[in-house]
Amino acid sequence: MNRRYRKTIIAGNWKMNKLPGECKEFILHLKEKAAAAKWCDVVLCVPFTHLASAVKAARGTRIAIGAQNCHFADQGAYTGEVSCAMLADLGVKYVIIGHSERRQYFGETDLDVNKKIKAALDAGLRPIVCLGESLEIRENNAALDYIRMQLKIALKDITAQQLRKVVIAYEPIWAIGTGKVATAEQANEVGSAIRETLRAIYGARAARGVSILYGGSMNEQNAEGLLAMPDVDGGLIGGASLDTEKLAGIIEAARQELKGN
Ligand code: PGA
């Protein structure tokens, strides 16, 4: 990571886990750690049903609350969906967009992702845009091209000004929930390719300001090595984010890296 130009972000993705009532206690445990951790921004992305209580519990702390999905329309006949305006109104600050589980199980396309990013930005939310290749694509040596393509479609018609609010997360599908983490070199290679693509579209100045996270079996043990890489500016953490101790360990690992800088 390069703290001179961009923020380190440690973001938890709870996925479909825990009950709304569990947010309060979780945040109570995490908030001291987050208060001391001036070296990074801490984000917790919880299910829709938990957002109101999570925002309430996180008020006055350094923990920002995020959603895990949104719809791209402002309002209308979309049964079961939630708009970005609704999220923003609750006090939500971030929204994960295009997670591979959304793409895989709910048929989300790169074009949907593009529309959702625009909707999030219009509502004042910071999108955490997920990109990542399957094992098959990696084994065919096509990962970098695939991710460049995902990125270009995701950011179509997004301006350099808007890009300042965008967070990118590189999440190889083969590493998500598998315990099979990417090596620091693999994560950095993709992070660099993402930044290079941003540079080609938006110029060096805009590109260096974007935080590029890594996600996929990150935990308190492997975080330090990953976060030490120049183009890994934080983590999007699933399993390990369900445990305050583990999440606090990852936040601490981001500091260790600072010392080594
Ligand atoms: P994991 O999930 O940390 O459990 O692998 C990461 C994610 O899907 O965001």
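Please treat every number below as a calculation from the coordinates, not as lab data. All figures in this text were calculated on a predicted structure; none of them were measured in a lab. Cβ atoms come from the backbone with ideal geometry, glycine included; neighbour counts cover every protein chain shown.
Mind checking the stretch 29-131 for chymotrypsin sites (Phe, Trp or Tyr not before Pro) that DSSP puts in a loop (not H, G, I, E or B) and that have at most 13 other Cβ atoms within 10 Å? The partial results should precede the final answer.
Working: sites: Trp39, Phe48, Phe72, Tyr78, Tyr94, Tyr105, Phe106; in loops: Trp39, Phe72, Tyr78.
Sparse-neighbourhood loop chymotrypsin sites (Phe, Trp or Tyr not before Pro): Tyr78.
Can you tell me how the stretch 75-216 classifies by the Cα gyration tensor, rounded, prolate or oblate, using a/c under 1.5 as the rounded cut?
Numbers: a/c = 1.89, a/b = 1.30, b/c = 1.45.
Here the stretch 75-216 falls in the oblate category.
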Whole-Hz Karplus ³J(HN,Hα) for the stretch 236-248, in order, using 6.51 cos²θ - 1.76 cosθ + 1.60 and θ = phi - 60°, x for Gly and Pro? 10, 10, x, x, 5, 7, 7, 10, 4, 5, 5, 5, 4
Most fluctuating residue given options Thr197, Thr244, Thr183, as computed from a GNM of the chain linking Cα atoms under 10 Å: Thr183
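Averaged across orientations, what area in nm² does the convex hull of the alpha carbons in the stretch 1-75 project? Each step should come with its number before you reach the end.
Working: hull surface 25.2 nm².
The Cα convex hull of the stretch 1-75, projected and averaged over all directions, gives 6.3 nm².
Taking neighbour Cβ counts within 10 Å as the exposure measure, how do Ile168, Ile128 sort from fewest upward? Could the numbers behind the result be given before it?
Values: Ile168 25, Ile128 30.
Least to most surrounded, the residues fall as Ile168, Ile128.
Number of Lys-Lys pairs in the stretch 143-261 under 24 Å by Cα, sequence gap 8 or more or different chains? Show your work: numbers first, answer last.
Numbers: Lys152/Lys165; Lys156/Lys165; Lys180/Lys246; Lys246/Lys259.
Pairs that pass both the separation and distance tests number 4.
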Per GNM of the chain with C-alpha springs under 10 angstrom, the most fluctuating residue out of Gly177, Gly76, Gly91 is Gly76
CD proxy at 222 nm, helix term only [per DSSP H run n ≥ 4: -39500 (n - 2.57); per residue of the chain; nearest 500]: -13000 deg cm²/dmol
If a/c stays under 1.5 just call it rounded; otherwise compare a/b with b/c (prolate if a/b is bigger, oblate if not). Do that for the chain, with a ≥ b ≥ c from the square roots of the Cα gyration tensor eigenvalues. rounded
Loop-resident sites, the stretch 78-150, for GluC sites (Glu not before Pro), counting at most 16 other Cβ within 10 Å (DSSP): Glu81
Taking Rh as the Kirkwood radius, which is the inverse of the mean 1/r over Cα pairs, what is the Rg/Rh value for the stretch 136-200? 0.99
Using just the C-alpha positions of the stretch 60-139 as equal point scatterers, what log10 of I(q)/I(0) does the Debye formula give at each q in 0.11, 0.13, 0.19 1/Å? -0.30, -0.41, -0.79
